[in-house]
Amino acid sequence: MNKILKSFFFQVTAPVLILMGCTTAQLNQAISDANKMLGSEQPLTNAEVGEGLKEALIKGISNGSDIVSQVDGYFKNPELKIPFPPEVRKVEERLRQVGFGEEVDRFVMTLNRGAEDAAKEAKPIFISAIRQMTIEDAWGILKGQPNAATEYLKRTTSAQLREKFMPVIQHSLTKVNATKYYGDIVKRYNQIPLVEKVNPDLAGYATDKAIDGLFVMIAREEKAIRENPLERTTDLLKRVFGYKS
């Protein structure tokens, strides 16, 4: 088999072997065979495969974090947009009925601006979690369910994200006047005769919704990595999957 055919063979079979869930022994054998076929001067190692996956995830998740942290990253994305708190939806409905729809719309926009501002804090947390993956974590993701990377990051970052996001969200909501707008809205609502007074935790609600939105984007990026890894490659990942320039 000439060098071109050998290269083509590994290009086709290596990603399939990995994503179909081979055992570690089989993967090691595939790496060994590939090194022999491609005449690599520096044979691939398990560590390189793990680092290749980490690089792919870091690139994809960085893209996702950058998208949601831009202006309108939440507000103009129907999947992520944070609505008026559902537990006080009656407040929104009543205020619109009595002519305060503009104030409600302004509040919802500033609520999403706060989330967009806080989302800037997510990237380093995710990158740190990815870099701390073990080889076993990496193989588990490669051989796991389609959302295995997303679930890994939920397990390893959710508590830290909430701890980091809460004060940032609170500050962001104040900075973009969402806290003031919400206070004005609740005050107006509570002045309506015969209504039940409300005062929900706005920062907690916004924090939870902002984190939920981040994981929606992470799941989307993971899907892209799995379905079209060529678009997510770095030099190391090209080497891992056997691609030669």
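Taking a threshold of 18 Å on the Cα-Cα distance, which of the pairs LYS81/LYS180; LYS54/LYS143; LYS143/LYS223 fall above it?
Details: LYS81/LYS180 20 Å; LYS54/LYS143 15 Å; LYS143/LYS223 14 Å.
Too far apart for the 18 Å limit: LYS81/LYS180.
Would you mind ranking GLU92, GLU121 by Cβ crowding within 10 Å, fewest neighbours first? Working shown, then result.
On the way: GLU92 21, GLU121 18.
Least crowded to most crowded, the residues run GLU121, GLU92.
Work out the charge dipole of the stretch 54-237 with +1 on the Cβ of Lys and Arg and -1 on the Cβ of Asp and Glu about the Cα centre, then indicate which of PRO85, ALA224, ASN190 is farthest towards its positive end.
Checked the options; the winner is ASN190.
Sorted from fewest to most neighbouring beta carbons within 10 Å, what does the list GLU79, GLU48, GLU222 look like? Mind showing how you got there, number by number?
Numbers: GLU79 10, GLU48 16, GLU222 25.
If I rank by nearby Cβ atoms, fewest first, I get GLU79, GLU48, GLU222.
Can you compute the charge dipole magnitude of the stretch 54-237 about its Cα centre, using +1 on each Lys and Arg Cβ and -1 on each Asp and Glu Cβ, nothing else charged? Give it in debye, rounded to the nearest 20.
Details: 28 positive and 27 negative charges, 58 e Å.
Charge dipole, the stretch 54-237, about its Cα centre: 280 debye, nearest 20.
Looking at this model, which pairs from LYS154/LYS175; LYS90/LYS164; LYS123/LYS154 are more than 19 angstrom apart at the alpha-carbon?
Values: LYS154/LYS175 28 Å; LYS90/LYS164 31 Å; LYS123/LYS154 14 Å.
LYS154/LYS175; LYS90/LYS164, as the Cα separations exceed 19 Å there.
Here, each number is a calculation from the coordinates, and none is a lab measurement. Because the structure is a prediction, the values reported are computed rather than measured. Virtual Cβ from ideal backbone geometry, glycine too; neighbours counted across all protein chains shown.
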